[in-house]
Amino acid sequence: MGIVTSRKASNNPTVPQSAPVLHYKESPAIGVGVVSIDHGLWDNSLTALPGSPNSQQFVSRFEVRGLEPVCHSCLSLRGPMSNINGKVYALNAITPMKPWKTWILRAVFFALGHVKPLQNDLINLSFIEFARWVIVPRRGFPCLGKGQLPEELKYDYLLFFSNFNRTWNQYIDAFSAVLSKGLNLVWRWSEKFPGSVPVTLFKEYIARVQFDTDYYYTAYPHASANDLKSAHIVQSSFDSLSAIATQSSPEEFAAAYLQFVLQVQAHLGETGEAPAVG
Amino acid sequence: MPNKNGSVYGLTILSPIIDDDRATPSHDLQIRAYLAQLSTREDSPFAIAPGTHLARLVVMDDVIYVGMPSCEEHLKSKYLVFESNCDGELDTYLAGLADSIPRHLDAIWSHCVGYPTRGAADRDAFIAYMKSCQLETTFYFAAVNDKSVPATLRALRIQTAAADFVAAHQGDDPVTLQRDFIHFAAQLKTLPPPPAGSMGPHRTIKTGGHNE
């Protein structure tokens, strides 16, 4: 059983570039779809799923079970892609680390958490709403007994979950361009990490260690991280103006209103659905 | 405390999924099938329950092999990953989930090892179960870490309404401006909180700028 990605496959010179024939079949018993591929190889041209309820749903990860590849993400044929909700993209990644190296990474994160200026680049990448890294020790996977076998692993694992705006490519590009030193400091302890620059190898690595989201919810799908920051600035100024509105003369209010407009004019951008990206 | 950033809590839960050869379809597939039909909008379970900014549910099939010379290894269980960015304290949040959306919680987590027999109806057992599957976050970043979900939704509404008000009252005399503003602010106060998970009011004005 192997897991491959279309990006990896397309870069492989041994892969024939003829387009395989895709068949989409919906299973009424479980309400999900299964894709079979006639001759099992594919390339980046396969970005749509002919005959599927939503042709945008084709994704890149397959689990090959014998001769019948199963497209995992086709199991979640909802309206929007499950990695995306409104303006937010959910990225999940998992990378193996030798256990002795995780202590170095813990020290790095400790420094990052306690020396606030070290977070400036992360804050300045203003399209990240929430992000987290979780180190799972090789014996740290939850084991509840009741028939569950404990894991027997050689590696510790680093989980990364990010909620960001814009596209996957823009995110990884910006990460590589702005945070390359920080990223290297975090991921250099993971096996086979190629470095965040040059970006081509970095993207290949992230694509390889990423796994897809099955369900993604956000309370404010129409708002980006910048929209949120702006909204709080407008709301704070608005509340201040409201507090004095009934107690001032019309002329005093007009002056205060002008100050309010000057304060918030750069923060009144429209929120709404994200533009379509190709 | 790495699980918190300001007033926002970063919850990470890995629940082992039942591995039963006799189950058809398998438990992980049943979870995926249920999640696939679950709304992500105003009627999402996480919009109904209080306190969730963003949340995801992911079936993690296995760890990923990155190639030689690293060792290839596999998990013995599949895990349901629940990643949530929520308000306040963990116990309060989990209790809110158990009280508001027990049917959904049971439908999802009943496929996991060790889930309480009575499900989320047994609130204390549910909270204890979720905590037993929790992983400590090593580093947690939040762009806005001091605002609750209702406060954020209110701010977004005010932002939209204020933009419309400013556009509609350009050049007004001070008396009209003050009168209309007081009326406008009072109206906004009486409105219920905007629904979580909605795309907000539909607007036809296109302003361009950094969001486009």
When you go through (1) in the same structural domain as A:A90 (by TED's automatic domain parsing); (2) touching a Phe, Trp or Tyr at 6+ places or on another chain (Cβ under 6 Å) one by one for A:V197, which number turns out not to apply?
(2)
Only one of A:F193, A:F238, A:F260 is under 30 Å from B:P194 (Cβ atoms), modelled with pLDDT of 95 or more and more than 7 Å from every other protein chain (Cβ to nearest Cβ); which?
A:F260
Conditions (1) within 7 Å of another protein chain (Cβ to nearest Cβ); (2) within 28 Å of B:P194 (Cβ to Cβ); (3) surrounded by fewer than 21 Cβ atoms within 10 Å (Cβ to Cβ): number failed by B:T52:
(3)
Considering only helices (runs of 4 or more DSSP H) fully contained in region B:110-194, which possess at least 1 residues that are farther than 30 Å from A:L159 by Cβ?
B:149-168, B:174-190
Can you tell me which of A:A231, A:A245, A:A256, A:A174 is aliphatic (A, V, I, L, M) and in the same structural domain as A:Y157 (by TED's automatic domain parsing)?
A:A174
Among residues of region B:106-124 being touching a residue at least 60 places away in the same chain (Cβ under 8 Å) and β-branched (V, I, T), the residue farthest from the other protein chains (Cβ to nearest Cβ) is B:I108
Subset of region B:1-34 [among the small types (G, A, S) and in a loop (DSSP other than H, G, I, E, B)]:
B:G6, B:S7, B:A23, B:S26
Of the conditions (1) out of contact with any helix residue (DSSP H, G or I) (no Cβ under 6 Å at 6 or more places or on another chain); (2) more than 12 Å from chain A (Cβ to nearest Cβ); (3) of a type in the set (A, V, I, L, M); (4) buried (at least 18 other Cβ atoms within 10 Å of the Cβ), the single one that B:I127 does not satisfy is (1)
Which residue is surrounded by the most Cβ atoms within 10 Å (Cβ to Cβ), if the candidates are limited to region A:99-112 and must be over 30 Å from A:N226 (Cβ atoms) and in contact with a strand residue (DSSP E or B) (Cβ under 6 Å, 6 or more places away or on another chain)?
A:T102
How many residues are within 12 Å of chain B (Cβ to nearest Cβ) and part of a helix (DSSP H, G or I) when one looks only at region A:98-119?
15
With the first residue restricted to region A:119-130 and required to be of a type in the set (S, T, Y), and the second required to be in a helix (DSSP H, G or I), Cβ contacts under 6 Å at 6 or more apart or on different chains are A:S126/A:A225; A:S126/A:N226
Apart from one, (1) touching a residue at least 40 places away in the same chain (Cβ under 8 Å); (2) out of contact with any Ser or Thr (no Cβ under 8 Å at 6 or more places or on another chain) all hold for A:Y217; the odd one out is (2)
Among the listed residues B:R32, B:R22, identify the single one that is of a type in the set (D, E, K, R), within 25 Å of B:K76 (Cα to Cα) and surrounded by 18 or more Cβ atoms within 10 Å (Cβ to Cβ).
B:R32
Residue satisfying all of: in region A:113-134; in contact with a Gly (Cβ under 8 Å, 6 or more places away or on another chain) and closer than 28 Å to B:L14 by Cα; surrounded by the fewest Cβ atoms within 10 Å (Cβ to Cβ) among these
A:L122
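The values are calculated or read from the model by the stated rules, or taken from the named source; none is laboratory data. Owing to the predicted nature of the structure, the values given are computational and were not obtained by experimental measurement. Positions of Cβ are generated from backbone atoms using ideal geometry, with glycine treated the same way; all protein chains shown enter the neighbour counts.
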